[in-house]
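Before any comments, here is the structure.
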Amino acid sequence: MLPYSFFSAMLRFVAAKTEAAATDARTAEMAAVLRRIADTVDQGPEFEVPGDGLELNARALAGFAAFLQRSILPEAVAHGNQAGENQIRWSVDAAMDAVNTLLSRAALQEGQERQAVRITLPAPPP
């Protein structure tokens, strides 16, 4: 099993749920963002966000984290699944760290040509 396969699996799961509920093109784009990140994370702990997609990627990752916290984490806790709980909490934290980085960089680059941002995930939970 690859070190970040749990994270990419969660990204794909949330992307599928998001896409199924999408009523507009922007929501479908966010699902595609999550899939792209999942595909990249399957290869290693880094992914790159294009300069023109900083806010969209941040919004997609924030929605991912919110879905995990609201819908998935309570189930893991209720069933006493400690490993699952650790992976979900790690995923929420990693996603929100990425959101903060992306939005900070977007703000710093305001009014300029935006540069791509590389996100490096922390070590996976034990």
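The values are calculated or read from the model by the stated rules, or taken from the named source; none is laboratory data. All values derive from a computational prediction rather than experimental measurement. When we count neighbours, we look across all protein chains shown, and the Cβ atoms used for this are built from the backbone with ideal geometry, even at glycine.
Among the conditions (1) at pLDDT below 95; (2) on the phi > 0 side of the Ramachandran plot, residue 110 misses just one, which is (2). Within region 48-76, the set of residues being surrounded by fewer than 15 Cβ atoms within 10 Å (Cβ to Cβ) and closer than 13 Å to residue 14 by Cβ comprises 66, 70, 71.
Scanning region 77-126 for residues being crowded, with 17+ Cβ neighbours inside 10 Å and among the polar types (S, T, N, Q) gives a total of 3.
Go through the residues of region 46-60 one by one and say whether even a single one is more than 24 Å from residue 104 (Cα to Cα), of a type outside the set (A, V, I, L, M, F, W, C) and out of contact with any Leu (no Cβ under 8 Å at 6 or more places or on another chain). Scanning region 46-60, I find no residue that is more than 24 Å from residue 104 (Cα to Cα), of a type outside the set (A, V, I, L, M, F, W, C) and out of contact with any Leu (no Cβ under 8 Å at 6 or more places or on another chain), so the answer is no. Consider only pairs whose beta carbons are under 8 Å apart and that are at least six residues apart or on different chains; among these, list those whose first residue lies in region 81-97 and is free of Cβ contacts under 8 Å to residues at least 12 places away in the same chain and whose second residue is part of a helix (DSSP H, G or I) and among the aliphatic types (A, V, I, L, M). Listed by first residue and then by second, the contacts come to 84/76. The helices (runs of 4 or more DSSP H) located wholly in region 22-126 that include 3 or more residues which are under 15 Å from the mean Cα position of the chain (by Cα) occupy 25-41, 54-67, 82-108.
For (1) surrounded by 14 or more Cβ atoms within 10 Å (Cβ to Cβ); (2) among the hydroxyl-bearing types (Ser, Thr, Tyr); (3) out of contact with any strand residue (DSSP E or B) (no Cβ under 9 Å at 6 or more places or on another chain), each residue gets a yes or a no:
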{"position": "2", "(1), (2), (3)": "no, no, yes"}
{"position": "8", "(1), (2), (3)": "yes, yes, yes"}
{"position": "13", "(1), (2), (3)": "yes, no, yes"}
{"position": "19", "(1), (2), (3)": "yes, no, yes"}
{"position": "24", "(1), (2), (3)": "no, no, yes"}
{"position": "36", "(1), (2), (3)": "yes, no, no"}
{"position": "40", "(1), (2), (3)": "yes, yes, no"}
{"position": "46", "(1), (2), (3)": "no, no, no"}
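Under 21 Å from residue 120 (Cα atoms), of a type in the set (S, T, N, Q) and touching a helix residue (DSSP H, G or I) at 6+ places or on another chain (Cβ under 6 Å): is that true of residue 57 in this structure? Taking the combined requirement at face value, the residue satisfies it.
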